1. Could you work out how far apart the two model spin labels at GLN27 and ALA113 are, taking each label as a point 7 Å from the Cα in the direction of the beta carbon, and quote it in nm?
2. What aspartates and glutamates could a cross-link reach from LYS218, if we take a straight Cα to Cα line under 17 Å and drop same-chain neighbours fewer than 8 places away?
3. Match the structure shown to one of the listed values (i) 1, 6, 14, 19, 22, 18, 12, 6, 1, 0; (ii) 1, 5, 11, 13, 14, 13, 12, 10, 8, 6, 4, 2, 0, 0; (iii) 1, 6, 13, 17, 18, 17, 14, 9, 4, 1, 0 of P(r) over Cα pairs in 5 Å bins from 0, in percent, computed from it, and give that label.
4. In the range 81-237, what percentage of the DSSP-assigned beta bridges are antiparallel, given to the nearest 5?
5. In percent, what relative contact order does the chain have, based on Cα pairs under 8 Å that are 6 or more apart in sequence?
6. Between their Cα atoms, which of LYS124/LYS155; LYS124/LYS188; LYS66/LYS122; LYS156/LYS188 are more than 23 Å away from each other?
7. What percent antiparallel are the DSSP beta bridges of the range 1-158, to the nearest 5?
8. Considering only DSSP states other than H, G, I, E and B, which trypsin sites (Lys or Arg not before Pro) in the range 41-87 qualify as loop sites with at most 15 other Cβ atoms within 10 Å?
Amino acid sequence: MHPFISAIIVAVNEEACIRHIIHQLRQQDYQGQYEIILADGGSTDQTIDLAREDGIVVCSSPQKGKASQMNAAARIARGELLFFVHADMTLSPFTLTRMRDKLCEGYDGGGFANSFETHNDKIKQLGNWFNFRLFDRREQSDKGIFYGDNGIFVKKNVFEALQGFKEIPIMEDYDFSFRLHQSYRSIKIYEPEIIVSARRHIQAGFLLTRFQWVMIKKLYQLGVSPFLLARWYRDIR
């Protein structure tokens, strides 16, 4: 079985790396069909033009926000499997094939383990400290709950049954993967990893960024409005 896959790039003003992720997706060692869609959130730089020059389908959301962008792209996606990626990711050539393998094993979706391209040990260690993982070093993704930088993938019919991403300005990925894990079979793929950018940590500060991530999740779980939380998490682009 080689399901048709729709790889959806979520981006706003990513002219510096949009061609990199397109190249990563086009170099996949996958025997089935797949398409690449840019889910743009109102870029004002060359992101859209560069994607179109490379022959990529562009879906511009009427509303800015990752949830709106991903939902809009999912509606036009032709694939049986949706794969949401960020523009600053680096993928193994076997990423799509490993997702296919998990579908064949009966899973409905999931995400990948990840590492930061630089400062990985430092960032992961800070995550352990702020989450009080002194003895049990399992990450949230080990329990089937993912963020966008885990490369969330899901069957399209399951995505539709879950009514897609909740259109909130932050924590939409956490909310979706939580609902996916509750009602369907989800899995974390450990190999190959997805390599993600450390640019937010570098620009905003390592301690502040990790502290924000932990506190935003805790406050969201306590019922604090994501619209309020989003004010605390500025866009670095």
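1. Result: 2.2 nm between the two label points.
2. GLU139, GLU172, ASP173, ASP175
3. Answer by label: (i).
4. Close to 45 percent.
5. After rounding, I find 23 percent.
6. Correct reply: LYS124/LYS155; LYS66/LYS122.
7. Counting only bridges with both partners in the range 1-158, antiparallel ones make up about 25 percent.
8. The qualifying sites are LYS64, ARG78.
The values are calculated or read from the model by the stated rules, or taken from the named source; none is laboratory data. Remember, it's a predicted structure, so these values are computed and weren't measured experimentally. Backbone-built Cβ (ideal geometry, glycine too); neighbour counts: all protein chains shown. These area figures cover heavy atoms from the full protein model, side chains too; ligands, DNA and RNA do not enter into them. Shrake-Rupley method; radii C 1.70, N 1.55, O 1.52, S 1.80 Å.
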